[in-house]
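Student: Take a look at this one; I'll ask things after.
The values are calculated or read from the model by the stated rules, or taken from the named source; none is laboratory data. This one's a predicted model, so the numbers in the text were calculated from it and none came from an experiment. Note that each Cβ is placed from the backbone with ideal geometry, even for glycine, and that neighbours are counted across all protein chains shown.
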C-alpha cells in the first residue's frame, strides 16, 4: 500500500511516499480503506521530534481519517464490510477507571494516531472497532475526515474542562486554525458570545460566518485592551493554543474568576504567570489534550443535524504531504488541510 511516512525526525524533506505492507486486523480491530486523512499541527511536531519522543520507524503520519470497512478481526462485529466510517484518533485501553468513566484521554495507555502509533496517511489502516463511527449521510468523506481531532479537542476544552454555559463571554485565539473554527461553532451552539483574534483580516471575516460576534486583528491592536472594550470585566473563558506569545496578556485580561484553557503552544512553550493574579483573582488555568470518544457521538449528532460543520480549506494528494506541511506552516489556511488518499 502507499503511505506517507518518515524514517528519521527532521524537516519536510524527511517525508517519504513509499510502499508498506497492508496491515492485518488483530482481535477487536477493523481494517479500513482510507479515502481522506487530515493534517494537523501535531503532525509537524511529531515529524520534527522533541526530547523523549521515541518512535519505531517507519512512522506513518496523520490522525484523522474517513473511509470504508474492508475486513474485521476476531471479535470485531460492530461494523460490516463497506460501511462508511470516521476514524477517531484517540486510542486507549478501554477498561481502566478513566476509560470506564468517560475520560479515556487520561488513560495511562492513551495514544493518538500519528503520534505515539502509526497514523492515517496510508491507503489502509487498522484501528480498534471502538475508534470507528458511522459517517453521517449529510457529510462527504472529505468533510468527515476533517471533524474528529479538532472538534473533539475543542469540545473537551470548552464543554468538559471550562464548563461553558449560555451567555458566557469567550475569547478564541487563532481563528483560522482547525481547533478554533470548531470552537467558534461549539461556543455559539451553547449560546456563548464569541470574540476571535487573527492576524489576517480575511480569516476574521470567515470566522464571522461561523458565528463570531467580535473580530480582533491582533497584528494591529492589543487584543487584551480591545476585548475589554467589548466586555469591561473581561472574558469568562479564553481558549488558547498560541501559548507564550499571548500568555501574560491572557492572564491580565481574563475576568476575575475566569478560566483560561489551553491545548497547544504554537507561539512558544513558556508562559510567565504573576501568581498574585492567579490567587487574588481566583483564576482557573486548565490544560487539555485531545478528547474522549465518549463525547464524539454527541458531536456527530450535531453534525448530522447541520448545527456543526467541518471547515475544509484545501486538499493535497498523498504524494503532496510535504507541501501540505509547508502550507500549514505558512498559516494561510482557514480550517482543515486535507490529504486525498483514494485516487
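Student: Residue 282 - would you say it is out of contact with any strand residue (DSSP E or B) (no Cβ under 8 Å at 6 or more places or on another chain), under 28 Å from residue 226 (Cα atoms), in a loop (DSSP other than H, G, I, E, B) and modelled with pLDDT of 95 or more?
Tutor: It is true that residue 282 is out of contact with any strand residue (DSSP E or B) (no Cβ under 8 Å at 6 or more places or on another chain), under 28 Å from residue 226 (Cα atoms), in a loop (DSSP other than H, G, I, E, B) and modelled with pLDDT of 95 or more.
Student: Considering only the range 199-208, how many residues are part of a helix (DSSP H, G or I) and over 14 Å from residue 313 (Cβ atoms)?
Tutor: 4
Student: Here's something else I'd like to know. Tell me, please, whether a residue that is modelled with pLDDT of 95 or more, more than 26 Å from residue 3 (Cα to Cα) and touching a helix residue (DSSP H, G or I) at 6+ places or on another chain (Cβ under 8 Å) can be found in the range 314-327.
Tutor: Within the range 314-327, not a single residue is modelled with pLDDT of 95 or more, more than 26 Å from residue 3 (Cα to Cα) and touching a helix residue (DSSP H, G or I) at 6+ places or on another chain (Cβ under 8 Å).
Student: Does residue 139 satisfy the criteria of being surrounded by 20 or more Cβ atoms within 10 Å (Cβ to Cβ) and either farther than 23 Å from residue 336 by Cα or more than 15 Å from the chain's Cα centre (by Cα) (or both)?
Tutor: So residue 139 passes the test.
Student: With the condition kept exactly as written, say whether any residue in the range 209-228 is in a helix (DSSP H, G or I), surrounded by fewer than 21 Cβ atoms within 10 Å (Cβ to Cβ) and under 22 Å from the mean Cα position of the chain (by Cα).
Tutor: Yes, because at least one residue in the range 209-228 is in a helix (DSSP H, G or I), surrounded by fewer than 21 Cβ atoms within 10 Å (Cβ to Cβ) and under 22 Å from the mean Cα position of the chain (by Cα).
Student: Does residue 300 meet the test of being surrounded by 18 or more Cβ atoms within 10 Å (Cβ to Cβ), assigned to a loop (DSSP other than H, G, I, E, B) and either at pLDDT 95 or above or not assigned by TED's automatic domain parsing to the domain that holds residue 45 (or both)?
Tutor: Against the criterion (surrounded by 18 or more Cβ atoms within 10 Å (Cβ to Cβ), assigned to a loop (DSSP other than H, G, I, E, B) and either at pLDDT 95 or above or not assigned by TED's automatic domain parsing to the domain that holds residue 45 (or both)), residue 300 does not qualify.
Student: Given the criteria farther than 19 Å from residue 341 by Cβ, at pLDDT 95 or above and touching a helix residue (DSSP H, G or I) at 6+ places or on another chain (Cβ under 8 Å), does residue 91 qualify?
Tutor: The answer is yes for residue 91.
Student: Among the residues of the range 143-154, is there at least one that is in contact with a helix residue (DSSP H, G or I) (Cβ under 9 Å, 6 or more places away or on another chain), surrounded by fewer than 21 Cβ atoms within 10 Å (Cβ to Cβ), assigned to a loop (DSSP other than H, G, I, E, B) and at negative phi?
Tutor: Scanning the range 143-154, I find no residue that is in contact with a helix residue (DSSP H, G or I) (Cβ under 9 Å, 6 or more places away or on another chain), surrounded by fewer than 21 Cβ atoms within 10 Å (Cβ to Cβ), assigned to a loop (DSSP other than H, G, I, E, B) and at negative phi, so the answer is no.
Student: Looking at 158, 164 in this structure, which one is touching a residue at least 24 places away in the same chain (Cβ under 8 Å), over 22 Å from residue 43 (Cβ atoms), over 14 Å from the mean Cα position of the chain (by Cα) and buried (at least 24 other Cβ atoms within 10 Å of the Cβ)?
Tutor: So the residue among 158, 164 that is touching a residue at least 24 places away in the same chain (Cβ under 8 Å), over 22 Å from residue 43 (Cβ atoms), over 14 Å from the mean Cα position of the chain (by Cα) and buried (at least 24 other Cβ atoms within 10 Å of the Cβ) is 164.
Student: Would you mind stating whether residue 243 is over 20 Å from the mean Cα position of the chain (by Cα) and crowded, with 18+ Cβ neighbours inside 10 Å?
Tutor: no
Student: Identify the single condition in (1) surrounded by 20 or more Cβ atoms within 10 Å (Cβ to Cβ); (2) in contact with a helix residue (DSSP H, G or I) (Cβ under 8 Å, 6 or more places away or on another chain); (3) within 30 Å of residue 233 (Cβ to Cβ) that residue 254 does not satisfy, given that it satisfies every other one.
Tutor: Against the list (1) surrounded by 20 or more Cβ atoms within 10 Å (Cβ to Cβ); (2) in contact with a helix residue (DSSP H, G or I) (Cβ under 8 Å, 6 or more places away or on another chain); (3) within 30 Å of residue 233 (Cβ to Cβ), residue 254 comes up short only on (2).
Student: Being crowded, with 17+ Cβ neighbours inside 10 Å and over 22 Å from residue 242 (Cβ atoms) is the filter here; which residues of the range 313-333 pass it?
Tutor: Scanning the range 313-333 gives 316, 318, 320, 321, 322.
Residue-wise test of (1) in contact with a strand residue (DSSP E or B) (Cβ under 7 Å, 6 or more places away or on another chain); (2) under 30 Å from residue 88 (Cβ atoms).
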position	(1), (2)
179	no, yes
187	yes, yes
209	no, yes
227	yes, no
231	yes, no
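Student: Shifting gears a bit: Kindly evaluate residue 268 against the criterion of being without any contact (Cβ under 8 Å) to a residue 40 or more places away in the chain and in a loop (DSSP other than H, G, I, E, B).
Tutor: yes
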